[in-house]
Amino acid sequence: MIDEKLEGIFADVVRRNPGELEFQQAVREVLESLGPVLVKDPELAEHKVIERICEPERQVIFRVPWQDDTGEIQINRGFRVEFNSALGPYKGGLRFHPSVHLGTVKFLGFEQTFKNALTGMPIGGGKGGADFDPKGRSDTEVMRFCQSFMTELYRHLGEHTDVPAGDVGVGTREIGYLFGQYKRITNRYESGVLTGKGIDWSGALVRTEATGYGTVFFARKMLAARGDSLDGKTCVVSGSGNVAVYAIEKVNQLGGRVVACSDSDGYVVDEKGIDVEVLKAVKLDERGRIADYADRCGTARFHTKGSVWEVPCDVALPCATQNELTGRDAAALIRNGCIAVAEGANMPTTPEGVRAFLDAGVLFGPGKAANAGGVATSALEMQQNASRDSWTFEHTEARLAEIMASIHDRCFATADEFGAPGNYVVGANIASFLKVGRAMVALGLV
Ligand code: GLU
């Protein structure tokens, strides 16, 4: 339920952003938490901070023409939504996926603003991408696409202005081509303009692993707050991309066992525990399908019917994409005894799913808190670039663990303070809103 004072603001967001359902959903979810804030901090309402925060500072949409390997001309649409720069330069990934449209990028940029605030690092929020489908494309096609994309985007970027990174469909390969083109056009080796770079060319250790590792650190902290741990826990992870793979690796390291993961074709169940090295080879190195994992691991079964969330587990980590875990899935997880959920993807649980978890007393870590480890480590990459330094894996991972612990504690304490003990959704929304909102007031009407 939204506080009645906020209903009008939400109605306006719907009217001004027609058809952008994911964006409307993300805004609604934040507004549902903000009722008590207006009572405690009326100055924010006077300054119309909520209305301002829902409107991106700048949005860029551009044509991306390129030639495929057969010589045919292809046209895609590129986006960058620079959402909020009250806390620092716009920061957030680029997503290449055929489903990407302005509403997707806006929802992700909105979420990013709050997530980045929670990290405690000096970064604003932004997001970008294109409706380009990298699946089945050769390296040279991906390179030509990235070069064309950056030929427009470069003019909007800068280490103090806007700093993209990866997201779905954008990894080290794509960041390499984008960085190469930026460097060529500007004649500057400006390391801090992109994060998620390769470690040989001014990237940072742990950035690749950070989102997945961070999500597991967050789950561990939620369990610890209830006197429990990951040791001996059965986990199910959705997805099998970069976030999922490193979440699985960290669960294994911390004594849990991941028995299932998925991709858009189906899911595999491996009661012995997913072999993360085989998974990395199949999904990350060979860019293959999860069905190939089952072919290689004799103990694994591949399923195309039903949902990965029907596999019984103690801890669920949705690491695939938005709205992948529905109210029905949540009911199945609760029925099977799930006690904790931490979101590795952005908004993977539908509003019905979130409600079901909260009502059932399941520990629920929303993405803007639980998956903030990726962007937090991007901020650490920016720090290393600015000081022309490079830190060890151990040191960087320790920083990541500290950051995740402090995000957890801030969400936990804020939920308590605002009368919703144990509700990390309320805690994350209010803590991040207050941080961005107070900075906006301090910076004046800009
Ligand atoms: N795309 C990631 C996210 O959703 C990382 C963004 C970044 O590192 O800038 O947070």
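The values are calculated or read from the model by the stated rules, or taken from the named source; none is laboratory data. What you are looking at is a predicted structure, and each value in this text was computed from that prediction instead of being measured. Quick reminder, even Gly has a Cβ in these numbers, built from the backbone with ideal geometry, and neighbours come from all protein chains shown. For the accessible areas, the whole protein counts, side chains as well, though only heavy atoms, and no ligand, DNA or RNA atoms are used. Shrake-Rupley method; radii C 1.70, N 1.55, O 1.52, S 1.80 Å.
With +1 assigned to the C-beta of every Lys and Arg and -1 to the C-beta of every Asp and Glu, and no other charges, what is the dipole magnitude of the stretch 16-88 about the Cα centre in debye, to the nearest 20?
Working: 9 positive and 14 negative charges, 40 e Å.
So the dipole magnitude of the stretch 16-88 works out to roughly 200 debye.
In order along the stretch 404-421, the Karplus-derived 3J(HN,Hα) couplings, from 6.51 cos²θ - 1.76 cosθ + 1.60 at θ = phi - 60°, round to 5, 5, 6, 4, 4, 5, 5, 5, 4, 5, 5, 4, 4, 4, 9, x, 10, x Hz, and Gly and Pro are given as x.
Relative to the Cα centre, the charge distribution of the stretch 82-236, modelled as +1 at Lys and Arg Cβ and -1 at Asp and Glu Cβ, gives a dipole magnitude of about 140 debye. Just check the stretch 175-317 against the gyration tensor rule for me: Cα atoms, a ≥ b ≥ c as the square roots of the eigenvalues, rounded for a/c under 1.5, and otherwise prolate or oblate depending on whether a/b exceeds b/c. Taking the square roots of the gyration eigenvalues as a ≥ b ≥ c, the stretch 175-317 is oblate.
Comparing Val308, Gly365, Gly126 along the charge dipole axis of the chain, the residue lying farthest to the positive side is Gly126, per the Cβ-charge model. The fraction of accessible area contributed by carbon and sulfur in the chain is 50 percent, rounded to a whole number (1.4 Å probe; ligands and nucleic acids excluded). Here the spin labels are modelled as points 7 Å beyond Cα on the Cα-Cβ line, and at Glu46 and Ser264 they lie 5.0 nm apart.
Over what distance in Å are the Cα centres of the stretch 36-72 and the stretch 74-153 separated? About 12 Å separates the Cα centre of the stretch 36-72 from the one of the stretch 74-153.
Restricting the calculation to alpha carbons of the stretch 1-160 gives Rg and Dmax of 18.0, 62 angstrom. With both labels modelled 7 Å from their Cα along Cα-to-Cβ, the Ile75 to Thr140 distance reads 2.5 nm.
Please sort by residue number the trypsin sites (Lys or Arg not before Pro) in the stretch 131-200 whose DSSP state is loop and whose Cβ has at most 14 other Cβ atoms within 10 Å. Kindly include the intermediate steps, with their values, before the conclusion.
Numbers: sites: Lys135, Arg137, Arg144, Arg155, Arg173, Lys183, Arg184, Arg188, Lys197; in loops: Lys135, Arg137, Arg188, Lys197.
Here the trypsin sites (Lys or Arg not before Pro) that fit, given the DSSP loop and packing criteria, are Lys135, Arg188.
With r as the distance between the Cβ atoms of Phe62 and Leu38 and R0 = 41 Å, compute the FRET efficiency 1/(1 + (r/R0)^6) and round to 0.05.
Working: r = 38 Å, r/R0 = 0.92.
It comes out at approximately 0.60.
Label positions at Ser390 and Glu352, each projected 7 Å from the Cα along the C-beta direction, are separated by 4.9 nm. For the cross-link pairs Lys197/Lys272; Lys106/Lys233; Lys48/Lys106, the ones whose C-alpha atoms lie over 26 Å apart are Lys197/Lys272; Lys106/Lys233. Looking at the chain, the accessible area is 40 square angstrom per residue; that uses a 1.4 Å probe and ignores ligands, DNA and RNA. Charges were assigned to the Cβ only: +1 to each Lys and Arg, -1 to each Asp and Glu. The resulting dipole of the chain about its Cα centre is roughly 500 debye.
For the chain, the mean residue ellipticity at 222 nm estimated from helices alone is -15000 deg cm²/dmol, where every DSSP H run of n ≥ 4 contributes -39500 (n - 2.57) and the total is divided by all residues, rounded to the nearest 500. Mean separation of Cα pairs under 8 Å and 6 or more residues apart, divided by the residue count, gives the chain a relative contact order of 15 percent. Taking a ≥ b ≥ c as the square roots of the Cα gyration tensor eigenvalues, with a/c under 1.5 meaning rounded and otherwise prolate when a/b beats b/c, else oblate, which class fits the stretch 82-187? Oblate shape, in that a/c is at least 1.5 and b/c is the bigger or equal ratio.
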